[in-house]
1. Limited to the stretch A:7-62, what total is found for residues that are buried (at least 22 other Cβ atoms within 10 Å of the Cβ), farther than 30 Å from A:PHE147 by Cβ and not β-branched (Val, Ile, Thr)?
2. Taking A:PHE121, is it of a type outside the set (A, V, I, L, M), farther than 30 Å from B:ALA63 by Cβ and surrounded by 24 or more Cβ atoms within 10 Å (Cβ to Cβ)?
3. Scan (1) crowded, with 24+ Cβ neighbours inside 10 Å; (2) within 27 Å of A:ALA357 (Cα to Cα) for the single condition A:LEU228 breaks and write down its number.
4. Return yes when B:ASP9 is more than 7 Å from chain A (Cβ to nearest Cβ), surrounded by 11 or more Cβ atoms within 10 Å (Cβ to Cβ), on the phi < 0 side of the Ramachandran plot and not aliphatic (A, V, I, L, M) and no when it is not.
5. Given the conditions (1) in a helix (DSSP H, G or I); (2) within 30 Å of A:TYR41 (Cα to Cα), report the number of the one that A:ILE141 does not fulfil.
6. Determine if the stretch B:15-33 includes at least one residue that is more than 9 Å from chain A (Cβ to nearest Cβ) and more than 20 Å from A:SER105 (Cα to Cα).
7. Can you tell me which condition A:VAL415 does not meet? The list is (1) in contact (Cβ under 8 Å) with a residue 12 or more places away in the chain; (2) within 14 Å of another protein chain (Cβ to nearest Cβ), and all the others hold.
8. Out of the residues in the stretch A:418-466 meeting the condition of being touching a residue at least 40 places away in the same chain (Cβ under 8 Å) and surrounded by fewer than 16 Cβ atoms within 10 Å (Cβ to Cβ), tell me which one is farthest from the chain's Cα centre (by Cα).
Amino acid sequence: MTDQLGALTTIFTEFYYWITVVLMFLIHVGFCMYEVGASRYKHHQHTLMKNTMLIPLVTVTWFLFGWWIYWAFPTGPGLAPSIMNESAALITDESAFSAKWYVPSSDLMAVNLGDHISGVFWAAFLLFSWTAASIVSGAVIERITTFAFGILAIAIGSVFWTIDAAWGWHFDGWMLKLLGYHDAYASGVIHAVAGGFALGILIVLGPRIGKFSSSGEPRNIGPRNPWLVTIGLFLIYTGFWGFYAACNIPIFDLGPEYGMEGVTYWTATNIYVTPTTLSGITMNFLMSLSGGLLAGYLISGKDPFWTYSSGLAGIICASAGNDLYHPIQSMIIAMIGVVVAYKLHYWVERKFKIDDAVGAVAVHGYAGVAGLIICGFVLNGYPSSGYSVGAMWVGTDYAPINPLGMFIGAIIMFVILGLIPGWIIAKILHGMGKLRIPREVEIAGLDYDMLEASKNDEKAVSSATR
Amino acid sequence: MATVNNWIDHLSAAEVQGAVYPGVGTEGVLVIIAVILWIGWHVLQNNAESKHMDEMARKRHSANDHKSNITDW
């Protein structure tokens, strides 16, 4: 950095992403509170520790290989050539945004005076990774082993969501070029994939003991601490501001970027480097939150757990196109997403005996998929990229946003990169006898011995005279 | 280990070296250590959890036994 304007732009961008990381940390705080509030007393401490330990596990693996995957896989590989090197192979060459710079032994993966952005961008994406893993965590509470969850958290947090981000969230991703995929604030690349992954695990894991009667009727195991649940969800809302901001590039000159001779156009952009405004997405965020809350309150009969979750589902459903929607469109889309998620949750629960303890598959998976499909219709014809837009299936060019491409994209997210890998890994862990805790432990409670030790401590202290 | 001994010399060089952490050039070894620590953690955690689960499962408590252990503090 040798000129003041360049330095200001760089350091502003560095600080901007740093702030998003701090805000997004609240998402994880919220998830931990929410899960503990939803779990029963005898499982509280294990529930908390299971979700907490995904932080180091996903962080270390994100450093070791997750970040590399994001930069290596935009081409598929083999599905569409990169606009940087015109090759459809993994992007590991000398080009500017190559994965070569993001292997864990690269000197850019450390304090480097020549690079003020990689680390904060790495961290912003890492916080997305925690979110993906934490979405899964809630669905499987009270019966999964911490070992199995750790493996599954790494799989979704450092592998599968990363692949989908490379495919559908990278400016060079093949899904933009072939499908016209557009998912500005991650309806699919975070929420649908994590929801699908959770569903794949739940199919193998099975319900909590007591969830279904002998005739197959589902029983309600409501949140044990509704106050913790609601504060947790409020914190997730708060963290989502950081999430939205982190999906943007705060300041960028699109003129030279798009090759427009003599044009200077400074703006904020979305993750695809197409223009939007932080101001506009703020309106859309709040209107989609409102739409979700309004619909959730009515459809759930003013149930606080579902009303709060519906606020989240509303944002998630509108997120794919919230860079361009009108705020009232955002609100309506959010309402539709909530109805879809709520109805599907109970239908799947009854029909397939799936015990999604916190409604994670519904709020993230179904609402995310609905959001992608709706986005295909509402943004039909918009360019998926600013670089160039051509016909669908050409491969070397970018297809415009379209309903069919978004529908296929939704299937890729929810089923191909979500449900199927979740099911396969859970099956392997189940085959090893490592997926589910023993029946006796589930009945007694994962915290039984901790509670017993605490009682003994209390007795010892209360009878002490000195 | 020090990569920088004098900031004035470092920053006034014709080409400023970006990497300033100690032990530049040993990144490969650090990565191997990180992988061993990561995998090792899973092994230790799995062993401890399996042992704990086996011990807990042998006791066969009922679903409400934990209530007698709820403390006042």
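We did not get these values from a lab; they are worked out from the coordinates using the rules stated. On a predicted model such as this, the values are computed, not experimentally measured, just so you know. Here Cβ is always computed from backbone atoms with ideal geometry, including for glycine, and neighbour counts include all displayed protein chains.
1. 1
2. no
3. So A:LEU228 meets the others, but not (1).
4. When the stated conditions are applied, B:ASP9 does not pass them.
5. (1)
6. yes
7. Here A:VAL415 clears every test but (2).
8. Result: A:ARG439.
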